[in-house]
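Can you keep this structure in mind? I'll have questions shortly.
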Amino acid sequence: MTAEWHETFLRMVGRWGLVLAVMLALVLLSVIPFRIVHLGEIRPVFMLMAVYYWSILRPAPPLAVFAIGLVLDLLSDYPLGMNALVLVAVQALTGSQRKFLLGQSFLVIWAGFALVAFGAGILQWGLFSLFNMTLVSAKSMLISAALSAFLFPLSVLPLAAVYKALADDLTTMP
C-alpha cells in the first residue's frame, strides 16, 4: 500500500467519522426533552434540521437517513420506523425542491424548513394516532415544530461548518 492511498483512506474515515459524530450528537439532542412551564416536555427535532439542510446541499443515501431514523426511534421510545419514515419523507420532499432552494436566501430556506417541520409534525402525529388507534393531542407536535423552526438558525452554524469541512476535504483529495 502506498502512502497516498493510506492518506486518502484516513481522510475518508475522518470525514465519515465527523459526519457520524455530528449525527450522533443531533440524535441525542433530539431525544432530550425541553421542559417548558405549562407545556410539559417538548423535543425539538434536530435530526430533521440536519436532514433538511443536508438534503439541499449534499443528500445522504436514503438508507442512511432511514437507519438514523431507526436509531432515533429506539432512543426516543417511538414506534419503530416512525421517525425513520418521516425523515425519509422529508429528505425526498426537500430533494425534490433542491434546485429551487440552492439559489435562495437563508430566510427562504428557513421558511421552507418551518413548513417542512410542521408538515413532518403532522405526519408524525397522524402516524402516532394511527399506531395508538386514537386521536392523540396535536399540542406537543405543534409546539415541537415551532421550537424546531425557531432553533433552525442555530443548528445551521455547526451543520454548515461540517459541510464546509467535507467540501474542503473533497476538493483537496487526489
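Would you check which residues across region 114-154 are of a type in the set (Phe, Trp, Tyr) and within 17 Å of ASN83 (Cα to Cα) and list them? Step through it out loud before you land on a result.
Pass one, region 114-154, residues of a type in the set (Phe, Trp, Tyr): 118, 125, 128, 131, 150, 152.
If the condition is that a residue be of a type in the set (Phe, Trp, Tyr) and within 17 Å of ASN83 (Cα to Cα), then PHE118, TRP125, PHE128, PHE131 are the ones that fit.
Related question: Given the conditions (1) over 13 Å from the mean Cα position of the chain (by Cα); (2) at pLDDT 75 or above; (3) part of a helix (DSSP H, G or I), which single one is not true for ARG35?
Only one criterion is unmet by ARG35, namely (3).
Of SER96, SER155, which residue is farther than 12 Å from TYR52 by Cβ and polar (S, T, N, Q)? Show your work before the answer.
On the way: SER155 fails: farther than 12 Å from TYR52 by Cβ.
Among SER96, SER155, only SER96 is farther than 12 Å from TYR52 by Cβ and polar (S, T, N, Q).
Would region 112-122 turn up any residue that is of a type in the set (Val, Ile, Thr), buried (at least 17 other Cβ atoms within 10 Å of the Cβ) and under 13 Å from the mean Cα position of the chain (by Cα)? Don't jump to the end; show me each part of the working.
Here is the first cut: in region 112-122, the residues of a type in the set (Val, Ile, Thr) are 116, 122.
If we keep only those that are buried (at least 17 other Cβ atoms within 10 Å of the Cβ) as well, we get 116.
If we keep only those that are under 13 Å from the mean Cα position of the chain (by Cα) too, we end up with 116.
Checked against the condition, which is being of a type in the set (Val, Ile, Thr), buried (at least 17 other Cβ atoms within 10 Å of the Cβ) and under 13 Å from the mean Cα position of the chain (by Cα), region 112-122 yields at least one hit.
Now a separate question. I'd like the full set of residues that are of a type in the set (Gly, Ala, Ser), assigned to a helix (DSSP H, G or I) and farther than 15 Å from TYR52 by Cβ, limited to region 115-143.
Here is the first cut: in region 115-143, the ones of a type in the set (Gly, Ala, Ser) are 117, 119-121, 126, 129, 137-138, 140.
Imposing the further condition that a residue be assigned to a helix (DSSP H, G or I) reduces the set to 117, 119-121, 126, 129, 140.
Passing the criteria: GLY126, SER129, SER140.
Enumerate the pairs (first residue in region 144-162 and of a type in the set (Val, Ile, Thr); second residue anywhere and modelled with pLDDT under 85 and assigned to a helix (DSSP H, G or I)) with beta-carbon separation below 7 Å, excluding pairs fewer than 6 apart on the same chain, so at least 6 apart or on different chains.
Hits for this filter: VAL162/LEU18; VAL162/VAL19; VAL162/VAL22.
Yes or no, residue by residue, for (1) surrounded by 14 or more Cβ atoms within 10 Å (Cβ to Cβ); (2) closer than 22 Å to LYS139 by Cα; (3) over 13 Å from the mean Cα position of the chain (by Cα); (4) modelled with pLDDT under 90:
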{"position": "LEU10", "(1), (2), (3), (4)": "no, no, yes, yes"}
{"position": "VAL13", "(1), (2), (3), (4)": "no, no, yes, yes"}
{"position": "LEU24", "(1), (2), (3), (4)": "no, no, no, yes"}
{"position": "LEU39", "(1), (2), (3), (4)": "no, yes, yes, yes"}
{"position": "ILE42", "(1), (2), (3), (4)": "yes, yes, yes, yes"}
{"position": "VAL45", "(1), (2), (3), (4)": "yes, yes, no, yes"}
{"position": "TYR53", "(1), (2), (3), (4)": "yes, no, no, no"}
{"position": "TYR78", "(1), (2), (3), (4)": "yes, yes, yes, yes"}
{"position": "VAL90", "(1), (2), (3), (4)": "yes, yes, no, no"}
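The values are calculated or read from the model by the stated rules, or taken from the named source; none is laboratory data. Values in this document were obtained by computation on a predicted structure and should not be read as measured data. Cβ: placed from backbone, ideal geometry, glycine included. Neighbour counts: every protein chain shown.
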